[in-house]
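Novice: I'd like to ask some things about the structure below.
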There are 2 protein chains.
Amino acid sequence: MPAVVLKQRAAFDTKAASCQSGRNDGRNVSSRSPARLVQRALPLSVPGRFMTRRRVHSWRSAMVVLALAAVPAAPCVAQKAPQHVASSVSAADAKDAASLRAVAQRYRASHEAAILHDFSGLLAIPNVAADRANIRRNANLIATMLEQRGVSARLLELGDASPAVYGEIAVPGAKHTVILYAHYDGQPVVAAQWATPPWTPTLRSKSLADGGTVIPFPTDRGAHVSGDARIYARSAGDDKASIVAMLAALDALRSAGRAASINIKFLFEGEEEAASPHLLQILEKYRALLSGDVLLLCDGPEHQSGKQQLLFGVRGVTGLELTVFGPTRALHSGHYGNWAPNAGAMMANLIASMRDDDGHIRIAGFYADVLPVTSAERKAIASVPPIDSALRRSLGLARTEANNAPLAERLMTPALNVRGISFGAVGEHAANVISTEAHASFDFRLVPAETPDHVRELVNAHIRSQGYFVTSDSVTIQMRLAHAKIARVEWATGGYPANRTPMDSPVARALIDVMRDSTGHPPIVLPTMGASAPSYMFTQALKVPVIIVPIANYDDNQHAANENLRLQNLWDGIDMYTELMGRLGKVAW
Amino acid sequence: MPAVVLKQRAAFDTKAASCQSGRNDGRNVSSRSPARLVQRALPLSVPGRFMTRRRVHSWRSAMVVLALAAVPAAPCVAQKAPQHVASSVSAADAKDAASLRAVAQRYRASHEAAILHDFSGLLAIPNVAADRANIRRNANLIATMLEQRGVSARLLELGDASPAVYGEIAVPGAKHTVILYAHYDGQPVVAAQWATPPWTPTLRSKSLADGGTVIPFPTDRGAHVSGDARIYARSAGDDKASIVAMLAALDALRSAGRAASINIKFLFEGEEEAASPHLLQILEKYRALLSGDVLLLCDGPEHQSGKQQLLFGVRGVTGLELTVFGPTRALHSGHYGNWAPNAGAMMANLIASMRDDDGHIRIAGFYADVLPVTSAERKAIASVPPIDSALRRSLGLARTEANNAPLAERLMTPALNVRGISFGAVGEHAANVISTEAHASFDFRLVPAETPDHVRELVNAHIRSQGYFVTSDSVTIQMRLAHAKIARVEWATGGYPANRTPMDSPVARALIDVMRDSTGHPPIVLPTMGASAPSYMFTQALKVPVIIVPIANYDDNQHAANENLRLQNLWDGIDMYTELMGRLGKVAW
């Protein structure tokens, strides 16, 4: 909850909240209620423990075949939407929404242990994209989990690329097909930085930062775990939570004998954190299979206010590994200090030439491609609940870049992030030597009209302008003797551009309605998220609009050590997917 | 040998060599002759294996008691000293020098296996100053090795500081007392960077860089090992080689029934690589015991030309660990990139503000204390054999700092060396996060009139001038919320100033004579070495001039991974110490 997350709940009230659609069911019920903290010392659950043979069979026989009626809804009109505005939904609509919410909450409340079991079983399999054997184990388990729920599943193969997992639910009479995308791979880890091992899912009473202690996973059916508890593991927030929440939503619908209101196509990628090097080819190869009306990109965190948000764009990304070179062997810093080139100092000077402390990119031409922010985007950004001050406080920051410019505004511009610098050694390992080479790692976040190729050209040209010979090859002794300064640039394969979808399309309005029905609040709507996803590929290959529907807590340490998911976000995510699957087809678009 | 080391022997011939003293024995005999490479696969020697009980006893009864006659020598006059200048030494002098050289070479040629055994036994004991238990094991072994040679030895204790090892040889009739200083501790290691473990002494046929392969230590008495072979271990070059060479020189003298010509006081420190935090107190506490006429600081490498050098000064040193801070938890670089401060970029900008790629220090006032180079110093520097071009080639450098200014000239100025930078992760471990803090490690090399205290003030003031709140305390959340930019500075304890001794004193001239007698060449004489040693402490506490007498190969990777000693340097060092002990008291000073 926001109060827990930021300790500044007052700042997040919806005084300034906006909704791109005018519908509101008039209720202000949060699904977030604290549940009893399970304190019994039970053994950690193990994969497969809850999925009894009987349950699998009953699921297999429960193919969703119920017909459904599409209920026309009132048209959505963009307007300011105070929180308690009178509802414009029909009585039948409101009843259906409430019914679905009750279905989700009832199912979840009595299956927390089973859901956490499924989640931890999936999290226990290492999932760095480069670890091909384990990536395939993940894919196989997810396919099995889909099939256990009566979803026809298969792996989408492309040569020796990691497979995408595909699942399909065809609903007789459904008018729309929604593709639900998530990814099952995770960022690389530095295991030593983790409080508990990244692929040993660990439950804590609350966040580590707030002093959370390890608690056992529940094993009793019906056991409750506090929504403030968190599960720690790589991909707990990014992005296996989305997959598990969707599967639990299917279970919730089934438990009430309800059908989905839309045809659903699940698409779970295994290389997203490696910049999706094969996704476009997979989409093109399976274009017919993957046809649909909209793709919901189920990834990323909730808004920092703790509210559900819908995002209509992503930033693009490209990555760079940079090496600069000093002497071929490490030298004593006394005998050779201020004679031998110091690659660490050279790297510092080079990075300093690329960006300042305020995030301003000094590379010539870097901002030339950036499109101006539209007035609609500016309006959306301006109406977001103010979170910057509280966020700064929660992160121990007296000031953020560009003189405290708001986060949502900053995300409309490109970023040059230093991910890492490595040279010699520091602290107790520091020795008085001039080391041989310095390494730095960067990611560039791009906005519409910038392309990775052009960014690479600009950066390479900038490094040359600093007196460097730039190569992407191995550095030979001949190169060293020919060039005073050498930079090896290794650009990541698979970088991609930004992508944005209009915020006022019929499907966008329908989705905003359903979201509000799920949470009782209008969602926050923003033109872009700061993070990247291969959104452009869907637009290019499948010709579908892409809308981002995140569920993870904003403080989930995604990509970093001690990644985690706050359980209330999982519970809310299940509610949201249940509502979405059960009702999106009933709202006109 | 130089040709092996730099592959540019021609560049190092002594055309431009100078000698501060005009004596030359007229011979040009190098003691460096290739020895047969031992190729038999013998087991690695173990400590204690060669030191039989009988040998220990015979040594203990062989206290050096021979009287000696001081032979007056011609006065030394500073002049250009071409290599083959006619000798000005007396016939008796020349005969004595030749005799001692023969003694050393004969002893060494028939005891290589035993010398290497002693050396590897000492190198096998870990010796990082912070590792107190092993430091004491080193000290105890060295004291035992001294006593085995009839030297009265003890440990000089000071509270719980690591002990210095003291040994004394009193020679009846000797006019002068020479303190021979070395250190037995070594720099910290990053074991993963070593080809073989740092405390598993390993013999290789030649240098790793030249493709040297592991060869067995010899076990047969009389076995020969090529002078190009190298022993790899922490402190092989810096500075246990000096200790072992001195002990072997004692053995060589004894083998010929020769006495030392001087009273000798051995002083072996155990905290030099930790910046000698207790040495001054130890010297003051044992001032009476440590009285003498000159201190020879036996540390550092030979000149890059492969020639013996005498150095009359050292640079001072102080160390800094610097941390700058970003958010209290790592953030997704997409969601927060160009909003959250990036500590890696901040560190790069801070380092860039401190020095440029050419080693020029940008910190205000940093050069204000630096004394101008004297004309005598300038003359000495100008007469050094030109080595820069060949050194650059051997290190794969097309250019060195300050537009290829000569090394010897650069060492007359202060240096700001970046030892390490650590932020986030690079390469396969790089993740798309904005990490929480960036670390950098520096050493500053100081020249006369600069003090560590003043340097600290200047650097702290500079960091403040870059907008940082500077603290040496733990960084609290209150600090974080009060200051936009925070730098934690942790200055090393025990930094010390530079020190220089006049190059034209009687003892300097005597030493130059003896050195020339040992090698057949005038030594290279320089006002300072680039590295640091606690030389000022000897001057301050013992009121003795300090002259530096290095023996290690210049490419010994000292302070870095794969530190090594080229065996010919050990053999030459034994020759030099034999000559020095046997003859320094016979030359007038």
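The values are calculated or read from the model by the stated rules, or taken from the named source; none is laboratory data. Computed from a predicted structure; not experimentally measured. Because the Cβ atoms are built from the backbone with ideal geometry, glycine has one as well, and the counts that use them run over all protein chains shown. Surface areas here come from the heavy atoms of the whole protein model, side chains and all, with no ligands, DNA or RNA. Shrake-Rupley method; radii C 1.70, N 1.55, O 1.52, S 1.80 Å.
Novice: Go through region B:537-569 and count every residue that is touching a residue at least 12 places away in the same chain (Cβ under 8 Å) and at positive phi.
Specialist: Residues in region B:537-569 being touching a residue at least 12 places away in the same chain (Cβ under 8 Å) and at positive phi: 3 in total.
Novice: Within region B:380-389, does at least one residue satisfy the condition of being facing another protein chain (nearest Cβ under 8 Å), surrounded by fewer than 24 Cβ atoms within 10 Å (Cβ to Cβ) and among the polar types (S, T, N, Q)? Break it down into steps so the answer makes sense when it comes.
Specialist: Here is the first cut: in region B:380-389, the ones facing another protein chain (nearest Cβ under 8 Å) are none.
There is no residue in region B:380-389 that is facing another protein chain (nearest Cβ under 8 Å), surrounded by fewer than 24 Cβ atoms within 10 Å (Cβ to Cβ) and among the polar types (S, T, N, Q).
Novice: List pairs: first residue in region B:432-443 and under 21 Å from B:Pro188 (Cβ atoms), second residue of a type in the set (A, V, I, L, M, F, W, C) and open to solvent by 20 Å² or more (accessible area, probe 1.4 Å) anywhere in the structure, Cβ distance under 6 angstrom, at least six positions apart or on different chains.
Specialist: B:His439/A:Val426; B:Ser441/A:Val426
Novice: Just wondering, is there one or more residues in region A:481-492 that are more than 9 Å from chain B (Cβ to nearest Cβ) and assigned to a loop (DSSP other than H, G, I, E, B)?
Specialist: yes
Novice: Something else now. Just a yes or no: is a residue in region A:543-559 polar (S, T, N, Q), modelled with pLDDT of 95 or more and surrounded by 24 or more Cβ atoms within 10 Å (Cβ to Cβ)? Before you say what the answer is, go through the steps one by one.
Specialist: Step one: filter region A:543-559 for residues polar (S, T, N, Q), giving A:553, A:557-558.
Restricting the remaining residues to those that are modelled with pLDDT of 95 or more gives A:553.
From the residues that got through so far, the ones that are surrounded by 24 or more Cβ atoms within 10 Å (Cβ to Cβ) too are A:553.
For region A:543-559, residues polar (S, T, N, Q), modelled with pLDDT of 95 or more and surrounded by 24 or more Cβ atoms within 10 Å (Cβ to Cβ): present.
Novice: Which is closer than 23 Å to A:Met529 by Cβ and at pLDDT below 95, of A:Ser276, A:Ser235? So that I can check it myself, show each step before the final result.
Specialist: Details: A:Ser235 fails: at pLDDT below 95.
Just a single option satisfies the conditions, and that option is A:Ser276.
Novice: Being in contact with a Gly (Cβ under 6 Å, 6 or more places away or on another chain) and either of a type outside the set (Gly, Ala, Ser) or away from chain B (no Cβ under 14 Å) (or both): is that true of A:Thr328 here?
Specialist: Values: in contact with a Gly (Cβ under 6 Å, 6 or more places away or on another chain): yes; either of a type outside the set (Gly, Ala, Ser) or away from chain B (no Cβ under 14 Å) (or both): yes.
In short, yes.
Novice: From the set of residues in region B:503-538 that are of a type in the set (Val, Ile, Thr) and over 14 Å from B:Arg315 (Cβ atoms), which is most open to solvent (accessible area, probe 1.4 Å)? Full working, then the answer.
Specialist: To start, the set of residues in region B:503-538 that are of a type in the set (Val, Ile, Thr) comprises B:507, B:512, B:514, B:519, B:524-525, B:528.
Then drop every residue that is not over 14 Å from B:Arg315 (Cβ atoms), which leaves B:507, B:512, B:514, B:519, B:524-525.
Details: B:Val507: 11, B:Ile512: 0, B:Val514: 1, B:Thr519: 34, B:Ile524: 5, B:Val525: 2 Å².
Ranking the candidates gives B:Thr519 first.
Novice: Suppose we filter B:Arg445, B:Arg488, B:Arg480, B:Arg500 for residues that are in contact with a Lys or Arg (Cβ under 6 Å, 6 or more places away or on another chain) and buried (at least 19 other Cβ atoms within 10 Å of the Cβ); which single one remains?
Specialist: Numbers: B:Arg488 fails: in contact with a Lys or Arg (Cβ under 6 Å, 6 or more places away or on another chain); B:Arg480 fails: in contact with a Lys or Arg (Cβ under 6 Å, 6 or more places away or on another chain); B:Arg500 fails: in contact with a Lys or Arg (Cβ under 6 Å, 6 or more places away or on another chain).
The unique qualifying residue is B:Arg445.
Novice: Does A:Ala209 qualify as being at pLDDT below 95 and either in a loop (DSSP other than H, G, I, E, B) or open to solvent by 30 Å² or more (accessible area, probe 1.4 Å) (or both)?
Specialist: Values: at pLDDT below 95: yes; either in a loop (DSSP other than H, G, I, E, B) or open to solvent by 30 Å² or more (accessible area, probe 1.4 Å) (or both): yes.
Spelling it out, A:Ala209 is indeed at pLDDT below 95 and either in a loop (DSSP other than H, G, I, E, B) or open to solvent by 30 Å² or more (accessible area, probe 1.4 Å) (or both).
Novice: Still on this structure, I have one more. Of all residues in region B:223-273, count the ones that are touching an Asp or Glu at 6+ places or on another chain (Cβ under 8 Å) and surrounded by fewer than 22 Cβ atoms within 10 Å (Cβ to Cβ).
Specialist: 4
Novice: When the residues of region B:424-447 are filtered to those that are outside any strand (DSSP E or B) and at pLDDT 95 or above, which remaining residue is farthest from the other protein chains (Cβ to nearest Cβ)?
Specialist: To start, the set of residues in region B:424-447 that are outside any strand (DSSP E or B) comprises B:425-432, B:435-436, B:447.
Okay, now just the ones that are also at pLDDT 95 or above, so B:425-427, B:435-436, B:447.
Values: B:Ala425: 4, B:Val426: 4, B:Gly427: 6, B:Ser435: 7, B:Thr436: 9, B:Val447: 11 Å.
Taking the candidates together, the pick is B:Val447.
Yes or no, residue by residue, for (1) part of a helix (DSSP H, G or I); (2) touching a residue at least 24 places away in the same chain (Cβ under 8 Å); (3) away from every other protein chain (no Cβ under 14 Å):
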{"position": "A:Gly222", "(1), (2), (3)": "no, yes, yes"}
{"position": "A:Gly237", "(1), (2), (3)": "no, yes, no"}
{"position": "A:Ile243", "(1), (2), (3)": "yes, yes, yes"}
{"position": "A:Asp251", "(1), (2), (3)": "yes, yes, yes"}
{"position": "A:Ala259", "(1), (2), (3)": "no, yes, yes"}
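Novice: Let me ask you something else. Can you work out which of the residues in region B:524-538 that are in a helix (DSSP H, G or I) and touching a strand residue (DSSP E or B) at 6+ places or on another chain (Cβ under 6 Å) is farthest from the other protein chains (Cβ to nearest Cβ)? Give the steps one after another, and end with the answer.
Specialist: From region B:524-538, those in a helix (DSSP H, G or I) are B:535-538; that's our starting set.
Restricting the remaining residues to those that are touching a strand residue (DSSP E or B) at 6+ places or on another chain (Cβ under 6 Å) gives B:535-536, B:538.
On the way: B:Ser535: 12, B:Tyr536: 15, B:Phe538: 18 Å.
It comes out as B:Phe538.
Novice: Which condition does A:Ala288 not pass, out of (1) open to solvent by less than 40 Å² (accessible area, probe 1.4 Å); (2) within 30 Å of A:Pro506 (Cα to Cα); (3) among the hydrophobic types (A, V, I, L, M, F, W, C), if it passes all the others?
Specialist: (1)
Novice: Starting from region B:351-365, keep only residues that are at the interface with chain A (Cβ under 8 Å from one of its Cβ atoms), then list their pairs with residues that are part of a strand (DSSP E or B) and open to solvent by less than 40 Å² (accessible area, probe 1.4 Å) whose Cβ atoms are within a distance under 7 Å, requiring at least 6 positions of separation or different chains.
Specialist: B:Ile351/B:Val418; B:Ile351/B:Ala440; B:Arg355/B:Ile361; B:Arg355/B:Leu416; B:Gly359/B:Ala415
Novice: Next up: Working only within region B:173-196, note down all residues that are surrounded by fewer than 20 Cβ atoms within 10 Å (Cβ to Cβ), part of a loop (DSSP other than H, G, I, E, B) and more than 21 Å from the chain's Cα centre (by Cα).
Specialist: B:Gly173, B:Lys175, B:His176, B:Ala195, B:Thr196
Novice: Now a separate question. Going through region B:104-113 one residue at a time, which ones are open to solvent by 10 Å² or more (accessible area, probe 1.4 Å) and of a type outside the set (Ser, Thr, Tyr)?
Specialist: Scanning region B:104-113 gives B:Gln105, B:Arg106, B:Arg108, B:Ala109, B:His111.
Novice: Counting only residues that are modelled with pLDDT of 95 or more, within 24 Å of the chain's Cα centre (by Cα) and not hydrophobic (A, V, I, L, M, F, W, C), how many does region A:95-119 have?
Specialist: Looking only at that region, the number is 3.
Novice: Identify the residue in region A:402-423 that is part of a strand (DSSP E or B) and open to solvent by less than 40 Å² (accessible area, probe 1.4 Å) and, among all such residues, is farthest from the other protein chains (Cβ to nearest Cβ).
Specialist: Filtering region A:402-423 down to residues part of a strand (DSSP E or B) leaves A:415-423.
After this cut, where a residue has to be open to solvent by less than 40 Å² (accessible area, probe 1.4 Å) as well, the list is A:415-421, A:423.
Numbers: A:Ala415: 4, A:Leu416: 8, A:Asn417: 4, A:Val418: 4, A:Arg419: 5, A:Gly420: 4, A:Ile421: 4, A:Phe423: 4 Å.
Going through the qualifying residues, I end up with A:Leu416.
Novice: On the basis of being over 24 Å from B:Gln466 (Cβ atoms), open to solvent by 30 Å² or more (accessible area, probe 1.4 Å) and assigned to a loop (DSSP other than H, G, I, E, B), does A:Pro327 make the cut?
Specialist: On the way: over 24 Å from B:Gln466 (Cβ atoms): yes; open to solvent by 30 Å² or more (accessible area, probe 1.4 Å): no; assigned to a loop (DSSP other than H, G, I, E, B): yes.
Against the criterion (over 24 Å from B:Gln466 (Cβ atoms), open to solvent by 30 Å² or more (accessible area, probe 1.4 Å) and assigned to a loop (DSSP other than H, G, I, E, B)), A:Pro327 does not qualify.
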